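The block underneath contains the structure these notes are about, expressed in structure tokens.
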Amino acid sequence: MPRLATTKMSSKGQIVIPEEVRKRLGLKPGSQFVVVGNKDVVILKAISPPSMKEFDDLIAEARTQAKQIRMKRSDITAAISKVRGR
């Protein structure tokens, strides 16, 4: 069972994650988090970019789905232009 630790927030809204927790989770300077706040609860969820294998799998799935609906390059170009307001 993990031990409890306390920390304080600075005047700039910064908090220090205790060393024991950083080591156990393998957190390094520059680690990124999703922050969720609700009432008196704040949750930090560490996030990391996908591995190249995960990214390749994601691209392959997107291509498969695009083929299934017969999407063309011109459809993608048109969607991008629409979002950009052109």
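What follows draws every value from the coordinates through simple rules; no lab data is involved. Please read these numbers as outputs of a predicted model, since none were measured by experiment. Every residue, glycine as well, gets a Cβ built from its backbone with ideal geometry; the counts of neighbours run over all protein chains shown.
Consider region 24-55. How many of its residues are of a type outside the set (S, T, N, Q) and more than 20 Å from Ala5 (Cα to Cα)?
Number of matching residues: 10.
So which of Leu4, Leu44, Leu27, Leu58 ends up being in a loop (DSSP other than H, G, I, E, B) and either surrounded by 10 or more Cβ atoms within 10 Å (Cβ to Cβ) or under 20 Å from the mean Cα position of the chain (by Cα) (or both)?
Details: Leu4 fails: either surrounded by 10 or more Cβ atoms within 10 Å (Cβ to Cβ) or under 20 Å from the mean Cα position of the chain (by Cα) (or both); Leu44 fails: in a loop (DSSP other than H, G, I, E, B); Leu58 fails: in a loop (DSSP other than H, G, I, E, B).
Exactly one residue qualifies, and that residue is Leu27.
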